[in-house]
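**Q** Could you have a look at this structure, given as structure tokens, before my questions?
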Amino acid sequence: MDFISILSIFVLACFVGYYVVWSVTPALHTPLMAVTNAISSVIIVGALIASAAAGSETAKWLGLVAVALASVNIFGGFAVTERMLAMYKKKG
Amino acid sequence: MHEAAPVNPWVALAYLIAGVCFIVALRGLSSPATSRRGNRFGMAGMLIAVVTTLVTHELASLPEIVGAIAIGGGFGWIVARKIKMTDMPQLVAGFHSLVGLAAVLVGVAAYLNPQAFGIAFPAGSEYAGLILPVSRIELGLGVAIGAITFSGSVIAFLKLNGNMGGAPIMLPGRHVINLGTLAAILGLIAFLTIELSAPEWVFWTVLVLSFVIGFLLIIPIGGADMPVVVSMLNSYSGWAAAAMGFTLGNTAMIITGALVGSSGAILSYIMCKAMNRSFISVIAGGFGGDSGGGAAGAAKTDRPWKRGSAEDAAFLMQQAEQVIIVPGYGMAVAQAQHVLREMGDKLKEHGVRVKYAIHPVAGRMPGHMNVLLAEANVPYDEVFELEDINSEFAQTDVAFIIGANDVVNPAAKTDKSSPIYGMPVFDVNKAKTVLFIKRSMGGVGYAGVDNDVFYQDNTMMLLADAKKMVEEIVKSLD
């Protein structure tokens, strides 16, 4: 993809983010942080590429450590969000 | 410019779908009713992104990858099950540091093995094997933001977890040092971009300086400003992911980075507004140390005030039509949330309408108090935000304040010289009766200012440990 296409996606996504986040109810701001934490670990994609590629042994091991770190966040972030959201109950 | 490998349209589509799943996940949080479905979309998006990556790359080391996921994932899952809800801010800060470090490692790996990431000049070119200029900017910024997120979050974690004092640490001339370091980082990234054969030390220096600046930026910020800091680092972790997304030309990473970046920025803004602090002054640091501000005004206990007992409080609330409970972080420290909900249930049995009023900075991070109340089984439709409930105090019989102080201080509206002037506060003084639980008359809130509400004719001070006092009230309500 060329730089301008990527930049376009980025700028539009910033606007989407702005409106979606303002629509989040303040009562769920802590779960919002936990889940954004989990999804920002999509950086695992880069880590997987680094660890799967042949060519540089150092890069591979750095990638593997990054995979492990991002996995902590993915599993931990989604699990803790799920745990919090399960607590929110209506009256009665 | 990213002409490395022709992109398979199905792969690009899969990453786009993952990105859309993340948008839907955040959208679900607009109400508790849809939030869990939203979270499932988030998980689905992540699964799509990971599987797509694994099936479209030749895997030289699958067993190691599975092992890394199992170790990291297992650890994260256990921590998520065990963590106490009061410790949520530390956990989030800790998680931020991991995203930052992962971004740094990915950036370094890309720097060492640019071919694998498709960011090198193609073979046959004059510069074959060297990293493309645009990718150098993206990589430099990504590594820098990742490193700042990492070291900043580690300090935030240590402060929130109590391993490090909450008091601001002020270095002399820190603004000059910070600006100088920041300028050096940007200058070196520019050099790296323009000079294709720049030596390796330039890249490593960018990395080291970024770790240092993250550390320097957070140490002068005091404990009370931590909600802003945690939100800000949330934002940084997003921008780090976005920068890596640019390097890889990956839609899922770019969309996520933009979402998380905006989310953290908006939360920082909301927190700053709730404390009436400008973002710049928070970043400049110094305010809100645990011990700071005490000299600004110790409570003037020579003014007359009324002391009440648990029985008095129980009697007054039983007679009331509506009681609004204003919890602050002191309630969570005293672990009084469960017994508080019991008190609410008892009052409802007596036909009293019970509502909870939450200030945006009531907890240690945005929305923290709501989670603590939800954990104690307080129904979320009894919990109201500041602007939704503030007009109701005038028609309320009892305002019940537990573990809060600054957020109910009328000086924020009337006293221009007060350090909390301009902060939005609850108008509890308009309620017919104010019941104020406090450990003693000596201590004052974070901002260290006296509170006129203590000395009002319609205020009854309940001096005791919050949990013990509420337990006694519950007994008296039988």
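**Q** Among the residues that make up the range B:406-413, is at least one of them part of a helix (DSSP H, G or I) and closer than 26 Å to A:P31 by Cβ?
**A** Checking the range B:406-413: at least one residue is part of a helix (DSSP H, G or I) and closer than 26 Å to A:P31 by Cβ.
**Q** Here is a check on your reading of the model: is A:L69 farther than 15 Å from B:G257 by Cβ, in contact with a Lys or Arg (Cβ under 7 Å, 6 or more places away or on another chain) and aliphatic (A, V, I, L, M)?
**A** Answer is no for this residue.
**Q** Return a yes/no flag: does the range B:50-72 have any residue that is touching a Phe, Trp or Tyr at 6+ places or on another chain (Cβ under 8 Å), among the hydrophobic types (A, V, I, L, M, F, W, C) and outside the structural domain of B:L259 (by the TED database).
**A** no
**Q** Just one of (1) touching a Leu at 6+ places or on another chain (Cβ under 8 Å); (2) within 19 Å of A:L69 (Cα to Cα); (3) of a type outside the set (A, V, I, L, M, F, W, C) trips up B:T86, so point out which.
**A** So the condition that B:T86 fails would be (2).
**Q** Check B:N113 against each of (1) closer than 30 Å to B:Q337 by Cβ; (2) of a type in the set (S, T, N, Q); (3) at the interface with chain A (Cβ under 10 Å from one of its Cβ atoms) and name the one condition it does not meet.
**A** For B:N113, the failing item is (1).
**Q** If you check B:D388, B:D406, B:D427, which single one turns out to be free of Cβ contacts under 8 Å to residues at least 24 places away in the same chain, within 29 Å of the chain's Cα centre (by Cα) and within 18 Å of B:K273 (Cα to Cα)?
**A** On inspection, the qualifying residue turns out to be B:D388.
**Q** Let me ask another. Check whether at least one residue in the range B:219-228 is part of a helix (DSSP H, G or I) and within 29 Å of A:V45 (Cβ to Cβ), and report yes or no.
**A** no
**Q** For B:G173, state whether it is in contact with a Ser or Thr (Cβ under 6 Å, 6 or more places away or on another chain) and assigned by the TED database to the domain that holds B:A103.
**A** It is false that B:G173 is in contact with a Ser or Thr (Cβ under 6 Å, 6 or more places away or on another chain) and assigned by the TED database to the domain that holds B:A103.
**Q** Please verify whether B:P366 is crowded, with 24+ Cβ neighbours inside 10 Å, within 18 Å of B:D381 (Cβ to Cβ) and either touching a Gly at 6+ places or on another chain (Cβ under 8 Å) or not aromatic (F, W, Y) (or both), treating the condition exactly as stated.
**A** In short, no.
**Q** Quick one: would you say B:V66 is β-branched (V, I, T), more than 8 Å from every other protein chain (Cβ to nearest Cβ), surrounded by 24 or more Cβ atoms within 10 Å (Cβ to Cβ) and part of a helix (DSSP H, G or I)?
**A** Taking the combined requirement at face value, the residue does not satisfy it.
**Q** Looking at the range B:19-44 only, could you name the residues that are within 7 Å of chain A (Cβ to nearest Cβ) and among the small types (G, A, S)?
**A** B:A25, B:S30, B:S31, B:S35, B:G42
**Q** Out of (1) touching a helix residue (DSSP H, G or I) at 6+ places or on another chain (Cβ under 9 Å); (2) surrounded by fewer than 22 Cβ atoms within 10 Å (Cβ to Cβ); (3) polar (S, T, N, Q), the odd one out for B:Q115 is which?
**A** Evaluating B:Q115 over (1) touching a helix residue (DSSP H, G or I) at 6+ places or on another chain (Cβ under 9 Å); (2) surrounded by fewer than 22 Cβ atoms within 10 Å (Cβ to Cβ); (3) polar (S, T, N, Q) leaves (1) as the failure.
**Q** Sort out which residues of the range B:254-285 are closer than 18 Å to A:L48 by Cβ and free of Cβ contacts under 8 Å to residues at least 40 places away in the same chain, and write them in order of number.
**A** Within the range B:254-285, B:G257 is the sole residue that qualifies.
**Q** For the structure I just gave you, tell me whether B:L435 is buried (at least 22 other Cβ atoms within 10 Å of the Cβ), under 28 Å from B:G223 (Cβ atoms) and either out of contact with any Phe, Trp or Tyr (no Cβ under 9 Å at 6 or more places or on another chain) or modelled with pLDDT of 90 or more (or both).
**A** Yes.
**Q** Looking at B:H96 and the list (1) within 30 Å of B:Q335 (Cα to Cα); (2) surrounded by fewer than 24 Cβ atoms within 10 Å (Cβ to Cβ), which single condition is not satisfied?
**A** (2)
**Q** Where in chain A are the helices (runs of 4 or more DSSP H), entirely inside, with at least 1 residues that are at the interface with chain B (Cβ under 7 Å from one of its Cβ atoms), surrounded by 24 or more Cβ atoms within 10 Å (Cβ to Cβ) and touching a residue at least 12 places away in the same chain (Cβ under 8 Å)?
**A** Ranges flagged: A:29-40, A:44-52, A:57-85.
**Q** Wholly within the range B:318-404, which helices (runs of 4 or more DSSP H) include no fewer than the required count, namely at least 1 residues that are more than 10 Å from chain A (Cβ to nearest Cβ) and closer than 20 Å to B:I270 by Cα?
**A** B:329-333, B:386-389
**Q** Residues that are without any contact (Cβ under 8 Å) to a residue 12 or more places away in the chain and of a type in the set (A, V, I, L, M), at least 3 per element: which helices (runs of 4 or more DSSP H) completely within the range B:85-166 meet that?
**A** The helices (runs of 4 or more DSSP H) meeting that bar are B:88-112.
The values are calculated or read from the model by the stated rules, or taken from the named source; none is laboratory data. Fair warning: this is a prediction, and the values are worked out from it, not measured in the lab. Positions of Cβ are backbone-derived with ideal geometry, glycine not excepted, and every protein chain shown enters the neighbour counts.
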